[in-house]
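To start, the structure itself, in structure tokens.
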Amino acid sequence: ACADPPYLGEITQCYARAEMSQRPPADYLERRQPHIQPKSREFLVDYLTETHAELRLHAESLFVTVFLLDSYLDRHEPVEARKLELVGITAMFLAAKYEESGTQLPCLLLLDTARHVARGVGLAGCTRQDVFKMEADILSTVGFR
């Protein structure tokens, strides 16, 4: 077995500091999103967790999904409550594109499956174009480079 490189600890610490500096403040929802109740976010994260499990995605995909969701809601002007599910499923779509391998999960399959699963959550009228527009908005809002 290979030994860990001597600089691995430094890299890990650097990433941990970067993550802490980018994390939205705990009160962002109350400050930035008057139309979204904390219970609605909680329900959405539960739904995303169930969808994540059903699709058998990597754990990292769920972490990135919630990070994108919270970062977007912290930095974006108020989002209508009816669009919260679209933001969440689009965050999962983006996370899967980033974290999942192409052979394990084609991203469009994720989108179609998530839309099917989401019918009980309020995304039945959501189109691919809606998701693609939201994808661009999330990336722009969180400052993806």
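The values are calculated or read from the model by the stated rules, or taken from the named source; none is laboratory data. Everything numeric in this text was worked out from a predicted model, so none of it was measured. Positions of Cβ are generated from backbone atoms using ideal geometry, with glycine treated the same way; all protein chains shown enter the neighbour counts. What goes into the accessible areas is simple: the full protein's heavy atoms, side chains included, and nothing from ligands, DNA or RNA. Shrake-Rupley method; radii C 1.70, N 1.55, O 1.52, S 1.80 Å.
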Evaluate E = 1/(1 + (r/R0)^6) for GLU80 and GLU10, where r is the Cβ-Cβ distance and R0 equals 35 Å; express this FRET efficiency to the nearest 0.05.
-> 0.20
VAL45 - accessible surface, heavy atoms, 1.4 Å probe, Å² rounded to 10 | 30
Each residue of the stretch 135-142 in turn: what ³J(HN,Hα) in whole Hz from Karplus with 6.51, -1.76, 1.60 and θ = phi - 60°, glycine and Pro shown as x?
-> 4, 5, 5, 4, 4, 5, 5, 7
Cross-link partners of LYS39 among aspartates and glutamates (Cα-Cα below 17 Å; sequence separation of 8 or more within a chain) | ASP27, GLU30, GLU50, ASP70, ASP74, GLU80, GLU85
Within the set of other residues whose C-beta is less than 10 Å from the C-beta of ASP70, count the net charge using Lys and Arg as +1 and Asp and Glu as -1.
-> +2
